[in-house]
Amino acid sequence: MKIWLEETEDIYRLPEISQEDINHIEKEIKKDLPESYKELVLQQNGGYLNVNSVLIEKGNLDYIGIDHIYGAGSPGILDSPSVIKEWGLPDNLLIFSGEGNYWFALDYTANTPSVIYIEQESNKLVKVANSFDSFLKNLSTTTTTTTTTFTDDELDMKWSKKESDKIFSGNDYTLIEEVLLSFQYAEHLDMNWYMTKALELSTHPNLMVREVVVSILRNNAEEVLAEADLTNQELLLKALRNLLEDPNNEIKNEAEDIKESNNIK
């Protein structure tokens, strides 16, 4: 399928880029870009798409409207830090499409980044695809509206706390990751339960699960440490102490960064 739309005026298209340029960008953002994204921007460095939507892999087979992908550069994916800071988004994201009230992003919580969609008004997250490669395969042209508006019911949690407890005690690490991440965008979150789960899973034998716990602590540390509930604070600090002693150096460094950025003694 031809992805890029041929437009004489394309505000999203950046100058041509080389593999060497991409290598420099990956060093700057400290993330490995998906191979399919790199192949895409080597063909054309961002721009309008020859499609108008992407199919969500799970759920009711809904479509979300999309008409462009950012190039590797600025303005483009290098603007992610400023977007994240301005809108208070999780810092493990790399924004690759959006116009200020919605974004598509790569979620680097896991080793292979998934594709997510965030609506600004609700600050809710929808997992679109397990990888950027799957995301590209699910791009299409539909006759439906160009942007799907998700109701609160559609964005509500799929799992109860009881169901989640059972999942957390199992061996489906990908599902554990998905459930953990989905709760942090839920309204009326039971933070005491959530921090208890983070503590329990901070010593999980699976590396991917512990990476998710680090991400959760980073995204919730400021809020939890500012609230009056000392129990939640202690749960977070215990989980952080476990991760500071993690056998994986990247996790250990992430935990140290959380400690320093939040002035934790």
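The values are calculated or read from the model by the stated rules, or taken from the named source; none is laboratory data. All figures in this text were calculated on a predicted structure; none of them were measured in a lab. Please note: Cβ atoms are built from the backbone with ideal geometry, for glycine as well, and neighbour counts cover all protein chains shown. When the accessible area is computed, the model is the full protein with side chains, heavy atoms only, and any ligands, DNA or RNA have been set aside. Shrake-Rupley method; radii C 1.70, N 1.55, O 1.52, S 1.80 Å.
A few notes on this one:
- For GluC sites (Glu not before Pro), the sites in segment 12-81 that DSSP calls loop and that have at most 13 other Cβ atoms within 10 Å are Glu16.
- Of all accessible heavy-atom area on segment 19-121, the percent that carbon and sulfur account for (1.4 Å): 45
- The value of relative contact order for the chain, using C-alpha pairs under 8 Å at least six residues apart, is 13 percent.
- Protection-proxy order for peptides 127-138, 228-239, 85-96, each taking the mean of Cβ atoms within 10 Å per residue, highest first: 127-138, 85-96, 228-239
- Using a cut-off of 28 Å between Cα atoms, the listed pairs Lys197/Lys265; Lys85/Lys161; Lys161/Lys238; Lys27/Lys166; Lys30/Lys259 include Lys85/Lys161; Lys27/Lys166 as exceeding that distance.
- Solvent-accessible area, 1.4 Å probe, carbon plus sulfur percent, for segment 156-265: 47
- Taking Cα centre as origin and charging only the Cβ of basic (Lys, Arg, +1) and acidic (Asp, Glu, -1) residues, the dipole magnitude of the chain rounds to 620 debye.
- Cα centre as origin, Lys/Arg/Asp/Glu Cβ charges: segment 165-265 dipole, Debye: 280
- Accessible area expressed per residue, the chain, with surrounding protein chains retained (probe 1.4 Å, Å²): 52
- You can think of it this way: the chain between Thr231 and Val83 has 50.0 nm of extra reach, that is 0.36 nm per residue less the Cα-Cα gap.
- Model label zone, Ile3; criterion: amide N under 19 Å from point 7 Å along Cα-to-beta-carbon; scope segment 68-96: 68-80, 94-96
- Positive-end extreme of charge dipole, the chain - chosen from Val51, Leu181, Tyr117 (charges on Cβ): Leu181
- For Ile11, net neighbour charge (Lys/Arg +1, Asp/Glu -1) across residues whose Cβ lies under 12 Å away: -4
- Where only C-alpha atoms are counted, convex hull volume of segment 6-86 per residue in Å³: 128
- Only helices enter this figure: runs of n ≥ 4 DSSP H residues, each worth -39500 (n - 2.57), summed and divided by the residues of the chain, yield -13000 deg cm²/dmol at 222 nm to the nearest 500.
- Amide H within-cut-off set for Phe96, under 5 Å, with H built and near neighbours excluded: Phe104, Ala105, Leu106
- Cα-derived Rg to Rh of segment 160-265, Kirkwood definition: 0.94
- Scalar couplings 3J(HN,Hα) for segment 195-209, obtained by applying the Karplus form with A = 6.51, B = -1.76, C = 1.60 to θ = phi - 60°, are 5, 5, 5, 4, 5, 4, 8, 5, 10, 4, x, 8, 4, 4, 5 Hz; x denotes Gly and Pro.
- Volume of the Cα convex hull of the chain, divided per residue and given in Å³: 136
- The phi torsions of segment 235-249, fed into the Karplus equation with coefficients 6.51, -1.76 and 1.60 and a -60° offset, translate into couplings of 4, 4, 5, 5, 4, 5, 4, 4, 6, 5, 10, 5, x, 8, 5 Hz, rounded to whole numbers, with Gly and Pro shown as x.
- Computed packing ranks the peptides 203-214, 161-172 as 203-214, 161-172, most packed first, by mean other Cβ atoms within 10 Å.
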